[in-house]
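A.B. asks: So that we are looking at the same thing, I have put the structure below in structure tokens.
The values are calculated or read from the model by the stated rules, or taken from the named source; none is laboratory data. Quantities reported herein were computed from a predicted structural model and do not represent experimental measurements. Using ideal geometry, Cβ is built from the backbone for each residue, glycine included, and neighbour counts are taken over all protein chains shown. Just so you know, the surface numbers come from the protein's heavy atoms only, side chains and all, with ligands and any DNA or RNA stripped out. Shrake-Rupley method; radii C 1.70, N 1.55, O 1.52, S 1.80 Å.
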Amino acid sequence: MVAWQEFFESKPNVCGGELCAAGTRISVTVILDSLAEGSTKEEILRSYPSLKLEHIEAALAYAAELAHEERLVPIRTK
């Protein structure tokens, strides 16, 4: 799995500290939302020219890690 930490950063003065693709103002949530809406990796790269394919793959690795954490420590209880 991609080490997503190498491709994202959080800076208080950039996008309110949201996790963004390194060197950009494109948040991981924008990437994941685009994928969830059905955009292809190629479409995302065309829409955000400062992104690299590695950023998209890192966003997926980040989401996978969060899903594993959710299983260990559920966010919601029934």
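A.B. asks: From the helices alone, meaning DSSP H stretches of at least four residues, give me the mean residue ellipticity at 222 nm for the chain, per-run term -39500 (n - 2.57), in deg cm²/dmol to the nearest 500.
C.D. replies: -14500 deg cm²/dmol
A.B. asks: Angle between the Cα long axis of helix 53-72 and the longest principal axis of the chain, 0 to 90 degrees, nearest 10?
C.D. replies: Between helix and principal axis, roughly 10 degrees.
A.B. asks: Related question: What accessible area per residue, rounded to a whole number of Å², is obtained for the chain using a probe radius of 1.4 Å?
C.D. replies: Averaged over the residues of the chain, the accessible area is 69 Å².
A.B. asks: Quick check for you: which residues of region 11-35 have the amide N under 19 Å from the point 7 Å beyond the Cα of residue 2 toward its beta carbon?
C.D. replies: 11, 18-35
A.B. asks: A further question follows. I'd like the per residue volume of the convex hull spanned by the Cα atoms of the chain, given in cubic angstrom.
C.D. replies: Considering the Cα atoms of the chain, their hull volume per residue is 112 Å³.
A.B. asks: Could you check which residue among 31, 56, 44 shows the biggest mean-square fluctuation in a GNM of the chain with a 10 Å Cα cutoff?
C.D. replies: Largest GNM mean-square fluctuation: 44.
A.B. asks: While we're looking at this one, here's another question. List the relative contact order of the chain as a percent without decimals, with contacts defined as Cα pairs under 8 Å and 6+ residues apart.
C.D. replies: Once divided by the residue count of the chain, the mean separation gives 32 percent.
A.B. asks: Share of the chain's accessible area from carbon and sulfur, percent, 1.4 Å?
C.D. replies: Carbon and sulfur: 55 percent of the exposed surface of the chain.
A.B. asks: Moving to a separate point now. Given labels modelled 7 Å from the Cα in the Cβ direction, how far is it in nm from residue 39 to residue 19?
C.D. replies: 1.8
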